[in-house]
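Asker: Here it is: the structure, laid out below.
Values quoted throughout were computed directly from the atomic coordinates according to the rules given, and no laboratory measurement underlies them. In this text the structure is predicted, and so the values were computed from the model without any measurement. FYI the Cβ positions are ideal-geometry reconstructions off the backbone, even for glycines, and counts take in every protein chain you see.
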Amino acid sequence: MSDVAIIGGGIMGSAVALRLAQRGIDVTVIERGIPGAEASSAAAGILGPQMEADGPGPLLDLGLKSRALYPALAAELRDLTGIDVGYDRSGVLSVALDEAGEADLAVRRTWQLARGLRVESLSGEAARAREPALGPAVRAALAFADDAQVSARELARAFSQAAAGAGARFLTGRYVRRVLIEKGAVVGVELDGDTLPAGAVVVAAGSWSGLVEGAGVPASVVRPARGQLVSIETRPPLFRQVVAAPGGYLVPRRDGTVLAGSTVEMVGFKKQVTVGGLASILTLAHTLIPALGEAPVTGSWSNFRPFTEDHLPVLGSTSVRGLVLATGHFRNGILLAPITAYAIAELVATGRATVDLAPFSIDRFAS
């Protein structure tokens, strides 16, 4: 018997497990593979609520709250595990390559300033003065000085180790067949071969959430969106800030590695890295930073981000007592992990969350 069973041992599931275990709650995480080995470790690790947001609204608000938690979280995880998650307030340059892009930047600057956010408008020349490696195709940029980055792989490892250290149990190599429900309430989960009784179940299975019977997440609501990424080696580093443009981004690491991404492909659970995907990523990378043309490609991979049509996560309680959702984070899983963990743990432990989860309820898809 476990107080809480968490389906999924990626960053989201492990983060929720940590916060629950720290409250003294008995928690078991069920993961079919290695904790954090799927989309969590494959992500670029951008903490960019200002870069990502299309406008003011609940996703921006949630992202800003979560970004603010990262400095303390990075220190906490280092103290608990000895792992440096690579938190770096490197800033983000969001660049325009054509007139339409310049117009979009102007709109974004206007609403972000009205929202009270730090944003700086740069001409192409001013952007190149700040990052000399930028190519001549860059016509203008917005600088988001407060956006940051982490190492997604190290963050996933740190969360799972910290959760285990706090007392959470991890059942790995196990498949959840279905969530067990009796009289409108969760009573546990059925695994491959046995059952795990539980007073509450948190579904944090990412793109696979819709495949779990009884999880309350229709497969049409949370779907896999394949994202391909490439690693490039630069010695010494060519640029310091994350560079984002329509269709992709470049994330420079302290060691000279550059992560280039990413595609958004609705192809189901096909995990291949494709010629077309790599071509689009590398073409944009070369356009943004021409000197990357001489840099070696050191790796490529893909994984699945949990996509929802409105690009908002699916968070909070359901009509089944004790069944709680923490999925559908799409491109913002790394960014939103701290605030999701805080809110979901609070909801499970106390029956309510001080963070407003109403905009992210599964009920918005009821029609």
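Asker: At what distance in nm do the modelled label points of Glu309 and Gln22 sit from each other, each positioned 7 Å from its Cα along Cα→Cβ?
Answerer: In this crude label model, Glu309 to Gln22 measures out at 3.7 nm.
Asker: Using the Kyte-Doolittle scale, find the helices of the chain whose mean hydropathy is at least 1.0 and whose Cα atoms extend 24 Å or more along the helix's long axis, counting only whole DSSP H runs.
Answerer: 333-350
Asker: How far, in nm, would the chain grow between Leu191 and Ala129 when pulled straight, counting 0.36 nm per residue and subtracting the alpha carbon separation?
Answerer: Result for the pair: 16.6 nm of gain on full extension.
Asker: Based on the mean of other beta carbon atoms within 10 Å per residue, what is the order of 6-13, 238-245, most packed first?
Answerer: Most protected by this proxy first, the peptides run 6-13, 238-245.
Asker: Place a label point 7 angstrom from the Cα of Ser319 along the Cα-to-Cβ direction, then list the residues of the range 351-366 whose backbone nitrogen is under 13 Å away.
Answerer: Output list for this probe position: 362-366.
Asker: Want the number for Thr110 to Thr283: 0.36 nm per residue separation, take away the alpha-carbon distance, what's left?
Answerer: The span from Thr110 to Thr283 would gain 59.3 nm if fully extended.
Asker: Would you mind computing, in nm to one decimal, how far apart the modelled labels at Met266 and Ala291 are, each placed 7 Å from Cα along Cα→Cβ?
Answerer: Inter-label distance under the simple model: 4.0 nm.
Asker: Still on this structure, please answer the following. Using mean Cβ contacts within 10 Å as the protection proxy, how do 248-258, 346-356 order, highest first?
Answerer: Ranking the peptides 248-258, 346-356 by packing returns 248-258, 346-356.
Asker: Further, regarding this structure: Under the definition of Cα pairs under 8 Å and six or more residues apart, what whole-number percent is the relative contact order of the range 224-367?
Answerer: Value for the range 224-367: 23 percent.
Asker: Please list, in chain and number order, the residues 5+ apart from Ala225 or on another chain whose amide H is under 5 Å from its amide H, with Hs placed from the backbone.
Answerer: Arg305, Phe307
Asker: Then there's this: Enumerate the calculated ³J(HN,Hα) couplings along the range 223-231 in order (Karplus 6.51 cos²θ - 1.76 cosθ + 1.60, θ = phi - 60°), each rounded to whole Hz, writing x wherever the residue is Gly or Pro.
Answerer: Per-residue couplings from phi come out as 10, x, 10, 5, x, 9, 9, 9, 9 Hz.
Asker: Relative to the present Cα-Cα distance, how much length would full extension add between Arg352 and Val273 at 0.36 nm per residue of separation?
Answerer: This chain segment gains 24.2 nm when fully extended.
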